[in-house]
1. For residues in segment B:40-51 being buried (at least 20 other Cβ atoms within 10 Å of the Cβ) and not polar (S, T, N, Q), which is nearest to the chain's Cα centre (by Cα)?
2. Can you name every residue in segment A:72-88 that is part of a loop (DSSP other than H, G, I, E, B), within 22 Å of A:ARG53 (Cβ to Cβ) and small (Gly, Ala, Ser)?
3. Going by the conditions given, is B:TRP57 buried (at least 17 other Cβ atoms within 10 Å of the Cβ), more than 26 Å from A:SER106 (Cα to Cα) and among the aromatic types (Phe, Trp, Tyr)?
4. Somewhere in segment B:66-73, is a residue at the interface with chain A (Cβ under 10 Å from one of its Cβ atoms) and basic (Lys, Arg)?
5. Please name all residue pairs, on different chains or six or more residues apart, with Cβ atoms under 8 Å, provided the first residue is in segment B:24-40 and is farther than 14 Å from A:VAL89 by Cα and within 7 Å of chain A (Cβ to nearest Cβ) and the second residue is at pLDDT below 95 and buried (at least 18 other Cβ atoms within 10 Å of the Cβ).
6. Which condition number in (1) more than 10 Å from chain B (Cβ to nearest Cβ); (2) part of a loop (DSSP other than H, G, I, E, B); (3) surrounded by 21 or more Cβ atoms within 10 Å (Cβ to Cβ) is the one that A:SER106 fails?
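The values are calculated or read from the model by the stated rules, or taken from the named source; none is laboratory data. Since the structure is predicted, the reported quantities are computational estimates derived from the model, not experimental observations. All Cβ positions, glycine included, derive from the backbone under ideal geometry; neighbour counts span all protein chains shown.
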Number of protein chains: 2
Amino acid sequence: MSSTPLPAAVRDRVRFDADGLVPAITQDAATGEVLMMAWMNDAALATTLATRRGTYWSRSRGELWRKGASSGHTQQVVSVALDCDGDTVLLRVEQTGPACHTGTTSCFTDRAVDLDALEAAEAADTVETAEAARPGEEDRTDGDS
Amino acid sequence: MSSTPLPAAVRDRVRFDADGLVPAITQDAATGEVLMMAWMNDAALATTLATRRGTYWSRSRGELWRKGASSGHTQQVVSVALDCDGDTVLLRVEQTGPACHTGTTSCFTDRAVDLDALEAAEAADTVETAEAARPGEEDRTDGDS
């Protein structure tokens with residue numbers, strides 16, 4: 001599949017899943033920002049190590065995908081690590097341009113879940129539920145009703 | 001599965017895989033270090049959002065796993081984001097103690113791939129291959145042998 005074999009030292013440590021893939025987290029080496037999560041197969045990891053350019057496996061297109069090949073938003077790999085059980089890859093990169101295809105710096109930029117809004121909604125629900133439950137409140141004082 | 005339903009605002013954005021899971025990257029909010037990657041199902045994400053404690057789905061044990069429940073190495077969630085296509089979660093946390101069950105700060109600590117050693121080995125292989133190929137070198141000047 002690739003002209004670049006995965007080095008034995010890495011092949012012995014990495015654990016691909018049943019589909020032959022491993023998740024790869026890519027982090028900006030300068031800022032520490034997590035830029036994206038994508039997938040690597042044997043060839044993508046081998047190519048990333050050999051070329052020091054972030055290269056992934058596109059599950060949707062079924063092909064190797066060198067990040068920035070069409071957009072120019074390439075990733076120069078600074079370091080690669082595997083986690084404790086070898087089933088996740090962490091790349092630290094020098095990212096050229098935005099990492100996300102939508103044009104944002106990272107794929108997580110401006111996509112936070114509003115925890116305070118959730119908490120407020122939850123509190124409102126609790127009040128509503130408590131009010132709705134009030135007519136039967138006497139029953140529940142028995143303990144296990 | 002959980003007493004805490006996933007809020008509709010999040011349910012509409014998250015894309016679980018065929019197994020009902022989504023990868024979750026956990027990052028130290030203070031240092032930016034990527035601590036670990038684990039998996040969440042609907043209940044794990046809902047519990048994480050409701051309790052602001054890092055909670056995952058253990059694929060090996062088949063159960064919800066509140067990080068630090070046995071070790072005390074809990075995660076206080078500072079922020080949660082989904083990526084551009086909703087199939088990855090990023091948690092920023094205040095980590096108590098080491099994040100990795102092996103006792104290292106992160107699951108990637110001291111587990112770097114030595115890129116320079118790989119490059120040196122690759123260069124040595126290339127020299128060996130070139131030397132081994134020398135006897136037949138005349139043949140190859142023909143172009144496509």
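1. B:MET40
2. Result: A:GLY72, single match.
3. In short, no.
4. Initial filter on segment B:66-73 (at the interface with chain A (Cβ under 10 Å from one of its Cβ atoms)): none.
Taking every residue of segment B:66-73 in turn, none turns out to be at the interface with chain A (Cβ under 10 Å from one of its Cβ atoms) and basic (Lys, Arg).
5. none
6. Single failed check for A:SER106: (1).
Residue-wise test of (1) surrounded by 19 or more Cβ atoms within 10 Å (Cβ to Cβ); (2) farther than 16 Å from A:ILE25 by Cβ; (3) small (Gly, Ala, Ser).
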site	(1), (2), (3)
A:LYS67	yes, no, no
A:HIS73	no, yes, no
A:GLN76	no, yes, no
A:ASP83	yes, no, no
A:GLY86	no, no, yes
A:VAL89	yes, no, no
A:ARG92	yes, no, no
A:GLY97	no, yes, yes
